[in-house]
Amino acid sequence: MRNKGWALAGLAAGALVVTSCAGVGSKDDAGGKAGSAGSTPTGTLNVMGFSGEDEVAQSRIAAFKAAYPSVTVKNNKGDFDAQQFLTAVSSGNAPDVVYMARNLVGTYAAKGAILPLDDCIKNNDIDTGQYREAALNEVKLKDKTYGIPEFYTVTVNLINSTALASTGVQTADIQTTDWDKLEQTAKKLYKAKNGRPARIGYDPRMPDFFPLWALNNGVELIKPGGEPNLNDPKAVEALTYAIKLVNDQGGWSNFKTFRDTFDIFGEKNQFTQDQLAVMPIENWYLNVLLDSRRNGLKLQSTMFTDRQGKPISTLGGSAWVVPKGAKNPDAACKWAKTLTAVDTWQKAAEARMQTVAKDKTFFTGLFTGNKVADEQIKAKYLKPSGDPGFDQAISNYYASLDVAKPLNPSPAGAEIEAAWKNAVGKALGGKATPQAALDAAQTEAKAAFDKASQG
């Protein structure tokens, strides 16, 4: 499963260029056909974009099937594919419910490819107060709600203690407040062989983490109204700094080539092989690292902060949406409600704990987007593990939940993301200065925003 993690960090990579879709323009509301809390859906429910392989997913699917045995669930396993989705909607063969990254919701809502769920929420008595406000805000556009949020990914620094011990660097030196000090720390931790990287000191996770570095420097890439803000002077400064970190460690070509060799899902990953000292990464990765402890992994962690020392994180996660032309919106709404409900998440946590017991590991947290469920699960299952490094990382992830900020929703969210990722790639490769690359990206993204806003 080599390099899957970097793909997950850019969850929407396949959906970055979204064109107008023939037949997609209706602003109908799914609520009129979604039934009420007491209705009993029947027929087939076609699900798209949900792999649903692990015990957390399987337990929730089972909960829905138990609650609605008259519904036949057909899950087209696999991650969300933009072209497949748009083709299905425009051809009149839309699935009933789709699992997509929340930062894409605004784009598809503006195009009329997905339906507002306000009546669905009302008719099915979905308590939106249970969801974390930041996640719920991501699925809104023009005061309408287009998705039911689930999962909540936040970021902290994970540290390979072996690398620190070999260089005399202290855990407290791993911080993102003082850029000059971080650069010097990265240089100390960096190791080269024959002029090429042999150990990356600090991986800023570019290009995907550009929004985090912009936030670190006090600026958001999308303004509250959804307008792009890609060439803000602070964004340019943040990109310039991140590129400097990369250039200090072999330059982009060598850096990326070496990073692409990491077996990040294997027991012999970049930490256990001492190929990487530090990187910011999302909370799901802790569960991946559990098996690496047998190979000598000694983990540490620090919070990611802004330049004033305040803990920050960008926010990721997915949502359930109902596309235009869904044939079974009633079942779709009840699916979204059931899979994100507190009692369903409790079943998922129980399933995870069975896996923990079987594997003789420990619970690393379940970060659901449902604040009520998160708090109950944490209180019931989170115990000291006996591994202080993992315990600190888990604590840092939980501490990041309430400070995490998503990119503001935009009717051109996908196009804006495509623009900044392309710009960062050009700047990393030396094809343009950060200023020139982001100026061009801003022009492109603003045109897409203006067009989407007029639609």
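The values are calculated or read from the model by the stated rules, or taken from the named source; none is laboratory data. The shown structure was predicted, so the numbers you read here are calculated from the model rather than taken from an experiment. Here the Cβ positions follow ideal geometry from the backbone for every residue, glycine too, while neighbour counts run over all protein chains shown. Keep in mind that these areas ignore ligands, DNA and RNA; they rest on the heavy atoms of the full protein, side chains included. Shrake-Rupley method; radii C 1.70, N 1.55, O 1.52, S 1.80 Å.
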* With Cβ to Cβ distances under 15 Å as the rule, what net charge do the other residues near Asn93 carry (K, R +1; D, E -1)? -> +1
* To do: Sum -39500 (n - 2.57) across every DSSP H segment of at least 4 residues in the chain, then divide by the residue count to get the 222 nm mean residue ellipticity, nearest 500.
  => -12500 deg cm²/dmol
* the chain: relative contact order in percent, alpha carbon pairs under 8 Å with at least 6 residues between -> 27
* For region 189-256, what is the convex hull volume of the alpha-carbon atoms per residue, in Å³? -> 76
* Structure fact -> Taking max minus min of the Cα coordinates of the chain on each principal axis, largest first, gives extents in Å of 64, 53, 35
* **Computed over region 219-302: relative contact order in percent, which uses C-alpha pairs under 8 Å that are six or more apart** => 17
* Calculated FRET efficiency for the pair Asp260/Glu350, C-beta based, R₀ 45 Å, to 0.05 -> 0.75
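Kindly work out what percent of the DSSP beta bridges joining two residues of the chain are antiparallel, to the nearest 5.
The antiparallel fraction comes to roughly 70 percent.
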* If you take all C-alpha pairs in region 145-272, what percent of them are over 19 Å apart? -> 57
* List, in the order given, every pair from Lys193/Lys256; Lys140/Lys405; Lys268/Lys405; Lys144/Lys337; Lys347/Lys378; Lys74/Lys378 whose Cα-Cα distance in the structure shown is over 21 Å. => Lys268/Lys405; Lys74/Lys378
* For Leu45, list long-range residues whose amide hydrogen, built 1.01 Å from N in the peptide plane, is under 5 Å from its own amide hydrogen. => Thr72, Val73, Lys74
* Picking from Met206, Gly251, Cys333, whose Cα lies most toward the positive end of the charge dipole for the chain (charges on Cβ: Lys, Arg +1; Asp, Glu -1)? -> Gly251
* Asked: Computed over the Cα atoms of region 36-140, what is the ratio Rg over Rh, Rh following Kirkwood?
  -> 0.95
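Given a 1.4 angstrom probe, what's the average accessible area per residue across the chain, in square angstrom?
40
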* Please give the peptides 280-292, 59-71, 105-117 ranked by average Cβ packing (other Cβ atoms within 10 Å per residue), highest first, as a rough proxy for protection. => 105-117, 280-292, 59-71
* Asked: Under unit Cβ charges (Lys, Arg +1; Asp, Glu -1), what dipole magnitude, rounded to 20 debye, does the chain have relative to its Cα centre?
  -> 760
* Relative to a virtual label point 7 Å from the Cα of Lys144 in the Cα→beta-carbon direction, which members of region 378-422 show backbone nitrogen distances below 17 Å? -> 409-413
* Structure fact -> Residues whose built amide H sits under 5 Å from the amide H of Thr176, excluding neighbours closer than 5 in sequence, are Thr305
* Between the alpha-carbon centers of region 231-254 and region 39-82, tell me the distance in whole angstrom. => 43
* Once Lys and Arg get +1 and Asp and Glu get -1 on their Cβ, which of Val154, Asn231, Ser166 lies farthest toward the positive end of the dipole of region 121-237? -> Ser166
* With 5 Å bins from 0: P(r) over region 120-187, alpha-carbon pairs, percent -> 3, 12, 18, 13, 7, 5, 8, 11, 10, 7, 4, 1, 0
* Step through the residues of region 107-119 one at a time and calculate ³J(HN,Hα) from phi using the Karplus curve (6.51 cos²θ - 1.76 cosθ + 1.60, θ = phi - 60°), rounding each to whole Hz and writing x for Gly and Pro. => 4, 6, 5, 5, 7, x, 7, 10, 9, x, 10, 4, 6
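By average Cβ neighbour count within 10 Å, what is the ranking of 92-101, 441-450 from highest down?
92-101, 441-450
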* Tell me, what % of the accessible area of the chain is carbon and sulfur with a 1.4 angstrom probe? -> 49
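Out of the trypsin sites (Lys or Arg not before Pro) in region 388-432, which ones are loop residues according to DSSP with at most 14 other C-beta atoms within 10 Å?
Those satisfying the criteria are Lys431.
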* To do: Find the all-direction average of the projected area of the Cα convex hull for region 252-325, expressing the result in square nanometres with one decimal place.
  => 8.6
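Return an integer: the convex hull volume of the alpha-carbon atoms of region 327-455, in Å³ per residue.
Taking only Cα atoms, region 327-455 has a hull volume of 207 Å³ per residue.
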* To do: Quick one: which residues, 5 or more positions from Lys405 or on another chain, have an amide H under 5 Å from its amide H? H modelled 1.01 Å from N in the peptide plane, none for Pro or chain starts.
  => Ser313, Thr314, Leu315
